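Asks: One structure, pasted below without further comment.
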Amino acid sequence: MILPIRTLAIPALLALAACAQAPDAPPPLTEGTWSVDPAGSSLSYVTIKAGEIAEANSFTGLSGSVSPEGAARIEIDLSTVETKVDIRNERMRDLFFEVANHPTASITAQIDPAAFGALEVGESTVQPLAAVLDLKGVEAPLEADVRVTRTAENRVIATTIEPVILDAGALELTDKLAQLQEIAGLPSISPAVPVTFSIAFQR
């Protein structure tokens, strides 16, 4: 029996339509190099002066990347420190960070790409992060639990679960802190600084 051409074509058209509608699986996170999206990222810290006055500060200049092998590096432009007070910004840049000689700080880490490779869009996982902060040539280890969320096929956001506490003494900044305290006429500035971040990576 010879079937009409229209009858033969219907199954083929349905098969083609099904193939066209089936979405391709997004590539795993282990593929490609990921770059920091500065506009979607933030790094903030809180200073405590006179024993009870807390002030939020941040950096707006962030850059960096994560290689397919898991080598991560974040660069912080220290000149972009924002304390919401112009004279304080100037003191932080010129006196504390000495940006003329030390324009950037960096955070480096080696992560395991396999720990994130299976994440689907909308999924997240919490992983421990061991990193090294290099500030003015002094290195200090950092440890944090980080939530990594795949918000889109080619976008990931890493966010601290709780603040990371940095100590001025570990970074050899005690003298600089004392200078700031004297110039500002403050009875104290806490050497312990809570730091939080939310870093967006784009493939």
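Asks: Being out of contact with any helix residue (DSSP H, G or I) (no Cβ under 7 Å at 6 or more places or on another chain) and small (G, A, S) is the requirement here; does S79 meet it?
Replies: no
Asks: Related question: Looking at A178, is it closer than 16 Å to V46 by Cβ, open to solvent by 30 Å² or more (accessible area, probe 1.4 Å) and modelled with pLDDT of 95 or more?
Replies: In short, no.
Asks: Which residues, counting only those in the range 153-180, are in contact (Cβ under 8 Å) with a residue 40 or more places away in the chain and in a helix (DSSP H, G or I)?
Replies: Correct list: K176, L177, Q179, L180.
Asks: Also: From (1) surrounded by fewer than 16 Cβ atoms within 10 Å (Cβ to Cβ); (2) part of a strand (DSSP E or B), pick out the condition that doesn't hold for I107.
Replies: (1)
Asks: Continuing with the same structure: Restricting to the range 194-203, what's the tally of residues that are open to solvent by 30 Å² or more (accessible area, probe 1.4 Å), of a type outside the set (S, T, Y) and part of a strand (DSSP E or B)?
Replies: So the answer is 3.
Asks: Mind checking whether some residue in the range 148-158 is hydrophobic (A, V, I, L, M, F, W, C), buried (at least 16 other Cβ atoms within 10 Å of the Cβ) and modelled with pLDDT under 95?
Replies: No; the residues of the range 148-158 include none that is hydrophobic (A, V, I, L, M, F, W, C), buried (at least 16 other Cβ atoms within 10 Å of the Cβ) and modelled with pLDDT under 95.
Asks: What number of residues within the range 66-81 are exposed (fewer than 15 other Cβ atoms within 10 Å of the Cβ) and either aromatic (F, W, Y) or within 14 Å of I107 (Cα to Cα) (or both)?
Replies: Selection size over the range 66-81: 1.
Asks: Let me ask something additional. I'd like the full set of residues that are in a strand (DSSP E or B), open to solvent by 30 Å² or more (accessible area, probe 1.4 Å) and not hydroxyl-bearing (S, T, Y), limited to the range 110-141.
Replies: Correct list: Q110, V126, Q127, P128, L129, A130, V132, D134, E139, P141.
Asks: Quickly run through the range 58-76 and pick out the residues that are in contact with a helix residue (DSSP H, G or I) (Cβ under 8 Å, 6 or more places away or on another chain) and either at pLDDT 95 or above or closer than 19 Å to A178 by Cβ (or both).
Replies: F59, G61, L62, S63
The values are calculated or read from the model by the stated rules, or taken from the named source; none is laboratory data. Fair warning: this is a prediction, and the values are worked out from it, not measured in the lab. Cβ coordinates were reconstructed from backbone atoms using ideal geometry, including for glycine residues, and neighbour counts include every protein chain displayed. Side chains are part of the model used for accessible areas, which takes the heavy atoms of the whole protein and leaves out ligands, DNA and RNA. Shrake-Rupley method; radii C 1.70, N 1.55, O 1.52, S 1.80 Å.
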